[in-house]
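Participant: Before I ask anything, here is the structure I am working with.
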Ligand code: 3PG
């Protein structure tokens, strides 16, 4: 499962974090992102359409690895897996989510922001973690500081990251990719400017090129 998650996350430097209002535009948005080279896409469970969007993207967007984000409990976890998520993202971790993940083939990317949280998740056998909220919790300097004492843990920092500061994270040895919503800005999505989104995705995909 760890290898599977690593392969999904390694495929691009930036995982788009999406808040979607309907499944149809989620499919078009996901296609635009994949066309720009971003194949792993996180759809957050923050809107009524989110689960249907995961289903639709999983079924209709070739080349996409659709994950579900903002998973807050075991019930959400199971529903997201049923909908076709290939990975599950949580801002933190609870006993319920960890147990659901143990019983599933679908890998979990749980959130951690302190050394103790990282250590607790390592004890659960999890080696790839979301550092959240990245900028607010100490940013790239924080991750650099923990790279030696918490060696062997890989992070996908998310929260407050953009084209401006993404490289600060991506240059660290303990960062596998970053997450961010900047590749799918609300105004471009509302306007259906899929070509504009593909351009942003291309820029993001080239961050480590
Ligand atoms: C979120 O909380 O929506 C995600 O972590 C993305 O954060 P961002 O909008 O700062 O990229």
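The values are calculated or read from the model by the stated rules, or taken from the named source; none is laboratory data. What you see is a predicted model, and the numbers here were worked out from it, not measured in a lab. For neighbour counting, all protein chains shown are included, and Cβ atoms are generated from backbone atoms with ideal geometry for every residue, glycine included.
Participant: So if I check each of 207, 163, 200, which one is assigned to a helix (DSSP H, G or I) and more than 15 Å from residue 31 (Cβ to Cβ)?
Facilitator: Unique residue meeting the criteria: 207.
Participant: I would also like to ask the following. With touching a strand residue (DSSP E or B) at 6+ places or on another chain (Cβ under 9 Å) and either farther than 15 Å from residue 38 by Cα or surrounded by 18 or more Cβ atoms within 10 Å (Cβ to Cβ) (or both) as the only criterion, which of 126, 150 stands out?
Facilitator: Numbers: 150 fails: touching a strand residue (DSSP E or B) at 6+ places or on another chain (Cβ under 9 Å).
Step by step, each of 126, 150 is checked, and only 126 is touching a strand residue (DSSP E or B) at 6+ places or on another chain (Cβ under 9 Å) and either farther than 15 Å from residue 38 by Cα or surrounded by 18 or more Cβ atoms within 10 Å (Cβ to Cβ) (or both).
Participant: So residue 136 clears everything in (1) touching a strand residue (DSSP E or B) at 6+ places or on another chain (Cβ under 8 Å); (2) surrounded by fewer than 17 Cβ atoms within 10 Å (Cβ to Cβ); (3) under 20 Å from residue 14 (Cβ atoms) except one condition, right? Which one?
Facilitator: With respect to (1) touching a strand residue (DSSP E or B) at 6+ places or on another chain (Cβ under 8 Å); (2) surrounded by fewer than 17 Cβ atoms within 10 Å (Cβ to Cβ); (3) under 20 Å from residue 14 (Cβ atoms), residue 136 is out only on (1).
Participant: Continuing with the same structure: Of the residues 184, 141, 134, 151, which is assigned to a helix (DSSP H, G or I) and modelled with pLDDT of 95 or more? Don't jump to the end; show me each part of the working.
Facilitator: Values: 184 fails: assigned to a helix (DSSP H, G or I); 134 fails: assigned to a helix (DSSP H, G or I); 151 fails: assigned to a helix (DSSP H, G or I).
Answer to the selection: 141.
Participant: Return only the number of the condition from (1) surrounded by 20 or more Cβ atoms within 10 Å (Cβ to Cβ); (2) within 16 Å of the chain's Cα centre (by Cα) that residue 97 does not satisfy.
Facilitator: Single failed check for residue 97: (2).
Participant: Please verify whether residue 178 is in contact (Cβ under 8 Å) with a residue 60 or more places away in the chain, surrounded by 16 or more Cβ atoms within 10 Å (Cβ to Cβ) and either near the ligand (Cβ under 10 Å from one of its atoms) or within 18 Å of residue 110 (Cα to Cα) (or both), treating the condition exactly as stated. I'd like the intermediate steps shown before the answer.
Facilitator: Details: in contact (Cβ under 8 Å) with a residue 60 or more places away in the chain: yes; surrounded by 16 or more Cβ atoms within 10 Å (Cβ to Cβ): yes; either near the ligand (Cβ under 10 Å from one of its atoms) or within 18 Å of residue 110 (Cα to Cα) (or both): yes.
Yes.
Participant: Do we find that residue 104 is in a loop (DSSP other than H, G, I, E, B), surrounded by fewer than 19 Cβ atoms within 10 Å (Cβ to Cβ) and either free of Cβ contacts under 8 Å to residues at least 12 places away in the same chain or touching a helix residue (DSSP H, G or I) at 6+ places or on another chain (Cβ under 7 Å) (or both) in this structure?
Facilitator: Values: in a loop (DSSP other than H, G, I, E, B): yes; surrounded by fewer than 19 Cβ atoms within 10 Å (Cβ to Cβ): yes; either free of Cβ contacts under 8 Å to residues at least 12 places away in the same chain or touching a helix residue (DSSP H, G or I) at 6+ places or on another chain (Cβ under 7 Å) (or both): yes.
Answer is yes for this residue.
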